[in-house]
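Worksheet for the structure shown next.
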Amino acid sequence: MTITVYSTPNCVACRQTKRLLTRQGIPYVEAHISEAPYTISELKELGYQTAPFVQVLDSTGGLIDEWAGFKPDRIKAIAPH
């Protein structure tokens, strides 16, 4: 599983997301939101209005989950048990 956190500078929700991922023992890669697989306008069209944009892929690159903003429930759902 590969988790990428697309964030922006000075983003409180981005920091909270990364902090909780770390506390839950979930490795992730951080990238600037401009490097997301979608453009900013496409993200907005998909209904994502806030940073961070988080994408969870399986080992083959298939989409498992994605969301925008700080979502502790989604993070805990992907934590190793």
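The values are calculated or read from the model by the stated rules, or taken from the named source; none is laboratory data. All figures in this text were calculated on a predicted structure; none of them were measured in a lab. Positions of Cβ are generated from backbone atoms using ideal geometry, with glycine treated the same way; all protein chains shown enter the neighbour counts. Please note that ligands, DNA and RNA were not included when accessible areas were found on the heavy atoms of the full protein model with its side chains. Shrake-Rupley method; radii C 1.70, N 1.55, O 1.52, S 1.80 Å.
P(r) for the stretch 42-81, from all Cα pairs and a bin width of 10 Å, is 26, 52, 20, 1 %, short bins first. GNM on the chain, alpha-carbon springs under 10 angstrom: the most fluctuating residue among Thr39, Thr17, Thr60 is Thr60.
Neighbours of Gly69 by Cβ distance under 14 Å: Lys/Arg scored +1, Asp/Glu scored -1, total +2. Cα-based radius of gyration for the chain, normalised by 2.2 N^0.38 Å, reads 1.01. Solvent-accessible area per residue in the chain equals 59 Å², computed with a 1.4 angstrom probe and all protein chains kept. Charge dipole (Cα centre; +1 on Lys/Arg Cβ, -1 on Asp/Glu Cβ; no other charges) of the chain amounts to roughly 440 debye.
Using a simple spin-label model with pseudo-atoms 7 Å out from Cα toward Cβ, Ala77 and Met1 lie 1.1 nm apart.
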